[in-house]
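Okay, so here's the structure we're looking at.
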Amino acid sequence: MKKTIKIKFIGFQSKDHINGIRLNKTWLYKTLEKNFNIVECEDADYVICSCFNLYEYCGTKQIRIMYSGENYVPDYNVIDYSICCYPIDFCNRNFYLPASLFGYDGERRAIENRQNCFDKSILKTKTKFANLIASYDSENNYRSKLFNELSKYKFIDSPGKFLKNCDEQVRFQDDSKINFQKRCKFSLCIESAVNAGFNTEKIMDAFYAETIPVYYGDPEIVKIFNPKAFINASDYATVEDVVKRIIEIDNDDDLYIKMLNEPIFNKEGFISDTFKSAEDFLVGIFETPLEKAGKRSKVSWALGHEEFLVKATAIYNVLYRNRFYMFLKNIYRKIKKTIK
C-alpha cells in the first residue's frame with residue numbers, strides 16, 4: 001500500500017504550472033503520484049516550493065523542498081532539500097537536475113536513443129540559416145555581440161522579444177519553437193548567465209530540432225554533451241573566431257552532416273539515469289520518518305534570518321503586489337504623461 005503524503009505547492013509561476021508545464025504533467029508530480037498517495041492541503045507536512053513569489057514558504061513548520069530550474073541558488077537556511085540546476089554538494093540536501101533536462105522526461109526522452117543517420121537530404125529542409133530565440137540580452141551582452149557579428153554574414157531569424165526581426169510566433173509550451181528551429185541549420189543557444197552547471201533547455205531544444213547548437217554559457221557543458229556535436233563558443237578567443245567556425249561548417253556540407261550525426265551525450269542513457277537518480281533522491285525524503293526528515297536549523301541566527309524574510313515578504317506584498325497600489329501607480333503614470 002502506498003504511503004499517503006500531505007503536500008502544498010508554493011511559489012511557482014502559477015497555482016497549477018511549473019516552468020510553464022501543467023503541474024500534473026511534470027516529472028515532479030508524476031514521480032510523487034507514482035510512489036505515494038498525494039493529498040494537497042493547507043495543513044501539509046511538506047511544502048514543495050520554487051523561486052517565484054520568493055520566501056512565501058517561510059513561516060511554516062513543514063519540511064521544505066525547493067524544485068527549480070531557474071538561475072537561483074537555494075537558501076538552505078530556510079529550506080531542507082532542493083532539486084535544482086546547480087551542482088551543489090551540501091550534506092546530501094541537493095540533487096543536481098540540469099535545467100536542460102526540464103521537459104525532457106516524457107516523449108522527448110527518446111532523444112537519448114535517437115539513431116543519428118542523417119544524410120545530405122536533410123539540407124533541403126533547412127530553409128533558414130540560423131535562429132536566436134530570447135526575450136532579452138544576456139548579462140554579458142554575448143547574445144547581441146554574436147548576433148550582430150554573425151548577421152554580417154547571413155540573416156539570422158529572431159522571433160523572440162529580443163532583437164525581433166520576423167513575424168513568426170514561437171512558444172515554449174508547444175512544438176512551435178521546435179518546428180521553427182527545425183528549418184534552421186544553426187541555433188544560437190546563449191545562456192542568460194555564465195555559471196558552472198547552469199545550462200538550460202536551449203541546447204537540448206536545438207538538438208531535439210536536429211539543428212547544430214552554437215552554445216555559450218555553462219563552462220562545464222562538455223561534461224554532459226559531446227563537444228563534437230555542437231559549437232562551444234567558450235572554446236574560441238573572440239566572437240569573430242566563433243563566426244569563422246560557423247561559416248566554415250555552413251560551407252562544408254560533409255562537415256555539417258558529420259556534426260549532426262555525432263552522439264548528443266557523452267554517456268549513454270544519460271537522461272534516464274539522471275531522472276532515476278532524481279526519483280530515488282525525492283522518494284528518499286518522503287520515506288524518511290517525518291520527525292527525522294528536517295535538515296534546516298530552526299534556532300539562533302537561522303531563525304532570525306527566517307523571521308526577517310517573513311517580515312520583508314509581508315512588506316513587499318503590501319507595497320508592490322497590492323492591487324490597490326498598482327492601481328494608484330498606473331493613475332500616477334497617466335497623470336504624469338498628460339502633464340508632459
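The values are calculated or read from the model by the stated rules, or taken from the named source; none is laboratory data. No experiment lies behind these values; they were computed from the predicted model shown. With ideal geometry, Cβ positions are generated from the backbone for all residues, glycine too; neighbour counts draw on all protein chains shown. We work out accessible area using only protein heavy atoms, side chains counted, and drop any ligands, DNA or RNA first. Shrake-Rupley method; radii C 1.70, N 1.55, O 1.52, S 1.80 Å.
Cross-link candidates for residue 30: which aspartates and glutamates have Cα within less than 15 Å, leaving aside residues fewer than 8 places away along the same chain?
List returned: 16, 40, 105, 107, 279, 280.
Determine ³J(HN,Hα), in whole Hz, for all residues of segment 192-201 in sequence, where each value follows from phi through the Karplus function 6.51 cos²θ - 1.76 cosθ + 1.60 and θ = phi - 60°; x replaces Gly and Pro.
5, 8, 9, 9, 4, x, 8, 9, 9, 5
Rounded to the nearest percent, how much of the accessible area of the chain (1.4 Å probe, protein heavy atoms only) is carbon and sulfur?
C and S atoms contribute 52 percent here.
Let me have the relative contact order for the chain, percent, based on Cα pairs under 8 Å that are six or more residues apart.
Averaging sequence separation for qualifying contacts and normalising by length gives 16 percent for the chain.
Is the shape of segment 262-306 rounded, prolate or oblate, going by the alpha carbon gyration tensor and its root eigenvalues a ≥ b ≥ c, with a/c under 1.5 for rounded and a/b larger than b/c for prolate?
oblate
If you count, for each residue, the other Cβ atoms within 10 Å and average over each peptide, how do 78-84, 158-164 line up from highest to lowest?
Descending mean neighbour count gives 78-84, 158-164.
Which shape class applies to segment 1-108: rounded if a/c is under 1.5, otherwise prolate when a/b exceeds b/c and oblate if not, where a ≥ b ≥ c are the square roots of the Cα gyration tensor eigenvalues?
Because its axes are fairly even, with a/c under 1.5, segment 1-108 counts as rounded.
Amide H neighbours of residue 94 under 5 Å, counting only residues 5+ apart in sequence or on other chains, H built in-plane at 1.01 Å?
Long-range HN contacts for residue 94: 82.
I need the semi-axes of the equivalent ellipsoid of segment 217-274: take the C-alpha gyration tensor, multiply each eigenvalue by 5, square-root it, list largest first in whole angstrom.
After scaling each eigenvalue by five and taking roots: 24, 16, 5 Å.
Using the Cα centre of the chain as the reference point, and only Cβ charges (+1 on K/R, -1 on D/E), how large is the resulting charge dipole? Debye, rounded to the nearest 20.
The dipole magnitude comes to about 1440 debye.
Which shape class applies to the chain: rounded if a/c is under 1.5, otherwise prolate when a/b exceeds b/c and oblate if not, where a ≥ b ≥ c are the square roots of the Cα gyration tensor eigenvalues?
oblate
What Kirkwood hydrodynamic radius do you get for segment 187-290 when you take the inverse of the mean 1/r over all pairs of distinct Cα atoms, in Å?
15.3
Applying the Karplus parametrisation 6.51 cos²θ - 1.76 cosθ + 1.60 with θ = phi - 60° to the phi angles of segment 25-32, what ³J(HN,Hα) value in whole Hz is obtained for each residue in order, glycine and proline being reported as x?
9, 7, 4, 4, 5, 5, 5, 5
Roll a 1.4 Å probe over the protein chains and send me the accessible area per residue for the chain in Å².
53
How much accessible surface area, in Å² rounded to 10, belongs to the heavy atoms of residue 26 with a 1.4 Å probe?
The accessible area comes out at roughly 10 Å².
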